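To start, the structure itself, in structure tokens.
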Amino acid sequence: MAGSQIERALSLLESLTRDARGVQMQALADELDIPKSATHRMLAELMRLGYVRQDALTSRYRLSTKLVALGFRYLANSGADVVQPILDALAETSGELVRLGVIEGERQTWIAKSQGARSGLRYDPDMGRDAPLFYTASGHAWLASMSDAEALELVVRQGIADPAEFGPNAPRNQQELLQRLALARQQGYAWVMESSSLGTAALAAVVRHPFGGRVIGVLSIAGPSARLPLACIEQLAPELLAAAEELSAASPASELFA
């Protein structure tokens, strides 16, 4: 691997982020394509500086909490919740309404948003509302993170509103809902077209806690279906998933997920 010592050291730190159980020195040397002796010297220096620890039982190397602490210190001094800039960037990219819902018990509540539409029809539901699970992209994204049995049980407990309030493409029964959830699991995100209401579309993905992976929120993009056809939804999906990953990494420093 070409590059300066600093580049090598940073690459080594990045490699250590991929496995909280630690990594063997030989595996690090192979991944970075550098001699084992050089890998050992870098690890020894990073240990001296407090960024890396070695497990006495397994001999594996892993990150200490020093980098995390430095990151949180920076975020705490930034003067603003770290979530909003991520929502704003996604809203700017998509040109549509971006919403974040947080999970608390059996509820998913929309608590933050950023409006990307500058003109024309602006889709903007009230914050503080619980996301309906049966027919929204946000609901489907969360339900898809569960087993089918758990998802159906949660839908029943929340209740299903009058079908007259749905859009024409909303699921008509539990079997159709499960088909939507299976597709969401396959794609890594959920999407709906004129399901919540006539003329609207949305896509959504879960936000997971960086330590343990439990679902702590759902990020969505919503707007008029005329501006969000399926081809546009597919183009925005990678941006949505990348933003969800950013939110995951930033969540421990945000009061919204407290």
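Pairing residues of the range 138-167 that are open to solvent by 90 Å² or more (accessible area, probe 1.4 Å) with residues that are among the acidic types (D, E), at Cβ distances under 7 Å and at least 6 apart in sequence or on separate chains, gives R157/E106. Being closer than 25 Å to G213 by Cβ and among the hydroxyl-bearing types (S, T, Y) is the filter; apply it to the range 2-58 and report the residue that is surrounded by the fewest Cβ atoms within 10 Å (Cβ to Cβ). Here the residue is T58. On inspection, S195 does not qualify as among the small types (G, A, S), open to solvent by 10 Å² or more (accessible area, probe 1.4 Å) and under 24 Å from P238 (Cβ atoms). Within the range 153-164, at least one residue is at pLDDT below 95 and touching a Lys or Arg at 6+ places or on another chain (Cβ under 9 Å). Among the candidates S37, S64, the residue that is within 18 Å of S11 (Cβ to Cβ), at pLDDT below 90 and not charged (D, E, K, R) is uniquely S64. Here E246 fulfils each of the conditions (1) among the acidic types (D, E); (2) surrounded by fewer than 16 Cβ atoms within 10 Å (Cβ to Cβ); (3) closer than 19 Å to W110 by Cα apart from (2).
Just one of the listed residues (E194, E255) is among the acidic types (D, E) and closer than 20 Å to Y135 by Cα, namely E194. Give the range 217-233 a look and list any residue that's polar (S, T, N, Q) and surrounded by 24 or more Cβ atoms within 10 Å (Cβ to Cβ), or say none. Selection gives S220 alone. Hey, any hits in the range 205-213 for a residue that's free of Cβ contacts under 8 Å to residues at least 40 places away in the same chain, under 17 Å from V98 (Cβ atoms) and more than 13 Å from the chain's Cα centre (by Cα)? The answer is no, given that none of the residues of the range 205-213 is free of Cβ contacts under 8 Å to residues at least 40 places away in the same chain, under 17 Å from V98 (Cβ atoms) and more than 13 Å from the chain's Cα centre (by Cα).
The values are calculated or read from the model by the stated rules, or taken from the named source; none is laboratory data. Computed from a predicted model, the values in this text were never measured in an experiment. Cβ atoms come from the backbone with ideal geometry, glycine included; neighbour counts cover every protein chain shown. Accessible surface is based on the protein model in full, side chains and every heavy atom, while ligands, DNA and RNA are left aside. Shrake-Rupley method; radii C 1.70, N 1.55, O 1.52, S 1.80 Å.
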